[in-house]
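Reviewing the structure listed below.
The values are calculated or read from the model by the stated rules, or taken from the named source; none is laboratory data. Since this is a predicted model, take the numbers as computed values, not measurements. Glycine gets a Cβ as well: all are built from the backbone with ideal geometry, and neighbour counts include every protein chain shown.
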Amino acid sequence: MVVKVAILTGFGINCDRETAAVFDMVGAESERIHVNRFVNGEKKLSDFHIMAVPGGFSFGDHLGSGRLMGNRLRFGMREQVREFIQNGGLAIGICNGFQVLVKMGLLPGDDEISLTQNASLALNDSGHYEDRWVTLEFDTNSHCVWTKGIERIRVPVRHGEGKFVTTDPNLLDHWAANGQIVVKYVDPNVPYPSFSDELLEYPLSPNASMRNIAGVCDPTGRVFGLMPHPEANHSTWLGATWTRELKPTEHGEGEGLILFRNAVDYVEKNLN
């Protein structure tokens with residue numbers, strides 16, 4: 001089967017081509033589609049297996065990063081999105097896309113897919129835009145289908161509002177027990193595993209997210225979002241230290257590509 005991926009575009013999204021490229025690299029068939037085409041009924045989300053909301057600056061980050069695009073999806077595509085997830089579809093939000101999925105209420109979400117917001121991404125504690133490489137560690141016991149078998153990867157962050165927060169600390173315990181806190185920032189100098197709730201010093205955690213959270217999934221494990229950019233490390237030559245680790249003639253798969261391969265593999269095995 002051909003796994004079809006809808007890459008949402010429009011209103012300041014600017015990482016759509018890179019996101020489409022990584023899905024194509026792992027054997028899917030991606031299509032970049034303006035959000036309005038779904039809202040207006042020209043396209044149907046049900047014709048796709050995966051929905052991806054890429055990074056960028058949707059609506060110029062006015063009223064907060066991801067807020068207006070989140071509202072566009074929550075109200076303009078509400079039933080499409082709900083039915084898509086109920087019928088087994090996968091979704092990913094990266095950076096601004098993560099902010100969108102959180103602010104529309106799809107992440108961390110709930111069993112009813114009520115699209116009620118219960119978390120947010122706030123301004124970085126550093127007070128400025130962060131553009132740096134980070135080390136991520138994954139909860140190998142999580143049911144998230146995007147992250148199966150991944151322990152650590154190195155990818156860049158590029159954001160000004162990446163601090164994952166919630167007003168209800170009990171929700172953090174619930175999400176952790178439910179396997180929804182999938183990925184955290186970690187110190188690369190501390191041996192694996194080092195998954196910890198104790199806040200890391202800056203810039204190991206570039207934004208001071210609660211419990212060092214870099215990404216979460218929904219209760220189904222099929223909707224996933226993260227602030228760092230795995231699509232920006234799809235090949236070894238994109239890695240920040242590749243010339244120190246490999247010979248110039250050695251090229252291969254980057255550390256971030258496995259996330260997208262996991263999703264395509266899942267669709268091929270489960271949604272025939």
Looking at TRP237 and the list (1) outside any helix (DSSP H, G or I); (2) surrounded by fewer than 23 Cβ atoms within 10 Å (Cβ to Cβ), which single condition is not satisfied?
(1)
Yes or no: the stretch 242-254 includes at least one residue that is crowded, with 17+ Cβ neighbours inside 10 Å and in a loop (DSSP other than H, G, I, E, B).
yes
Take the residues in the stretch 36-59 that are under 18 Å from the mean Cα position of the chain (by Cα) and among the aliphatic types (A, V, I, L, M); name whichever of them is surrounded by the fewest Cβ atoms within 10 Å (Cβ to Cβ).
ILE50
Does the stretch 227-238 contain at least one residue that is in contact with a strand residue (DSSP E or B) (Cβ under 9 Å, 6 or more places away or on another chain), among the acidic types (Asp, Glu) and in contact (Cβ under 8 Å) with a residue 60 or more places away in the chain?
yes
What is the one condition in (1) outside any loop (DSSP other than H, G, I, E, B); (2) of a type in the set (S, T, N, Q); (3) within 23 Å of PRO219 (Cβ to Cβ) that SER142 does not satisfy?
(1)
Do we find a residue being more than 20 Å from GLN117 (Cα to Cα), part of a helix (DSSP H, G or I), touching a strand residue (DSSP E or B) at 6+ places or on another chain (Cβ under 7 Å) and at pLDDT 95 or above anywhere in the stretch 28-46?
yes
In the stretch 124-142, which residues are within 28 Å of ASN71 (Cα to Cα) and surrounded by fewer than 18 Cβ atoms within 10 Å (Cβ to Cβ)?
ASP125, SER126, GLY127, HIS128, TYR129, ASP131
Within the stretch 82-98, restricting attention to residues that are touching a Lys or Arg at 6+ places or on another chain (Cβ under 8 Å) and surrounded by 24 or more Cβ atoms within 10 Å (Cβ to Cβ), which residue is farthest from ARG222 (Cα to Cα)?
CYS95
Find all pairs meeting these conditions: Cβ atoms under 6 angstrom apart; at least six residues apart or on different chains; first residue within the stretch 84-96 and assigned to a strand (DSSP E or B); second residue surrounded by fewer than 20 Cβ atoms within 10 Å (Cβ to Cβ) and of a type outside the set (Gly, Ala, Ser).
none
Given the criterion within 21 Å of LYS4 (Cβ to Cβ), in contact (Cβ under 8 Å) with a residue 12 or more places away in the chain, in contact with a strand residue (DSSP E or B) (Cβ under 7 Å, 6 or more places away or on another chain) and hydrophobic (A, V, I, L, M, F, W, C), identify the matching residue among ALA263, ALA214.
ALA263
Return the total of residues in the stretch 15-47 being in contact (Cβ under 8 Å) with a residue 40 or more places away in the chain, of a type in the set (Asp, Glu) and out of contact with any helix residue (DSSP H, G or I) (no Cβ under 7 Å at 6 or more places or on another chain).
2
Of the residues in the stretch 150-175, how many are closer than 15 Å to ASN212 by Cα, crowded, with 17+ Cβ neighbours inside 10 Å and either without any contact (Cβ under 8 Å) to a residue 12 or more places away in the chain or small (Gly, Ala, Ser) (or both)?
1
If only one of LEU63, LEU90, LEU106 is closer than 23 Å to SER209 by Cα, of a type outside the set (S, T, N, Q) and modelled with pLDDT of 95 or more, which one is it?
LEU106
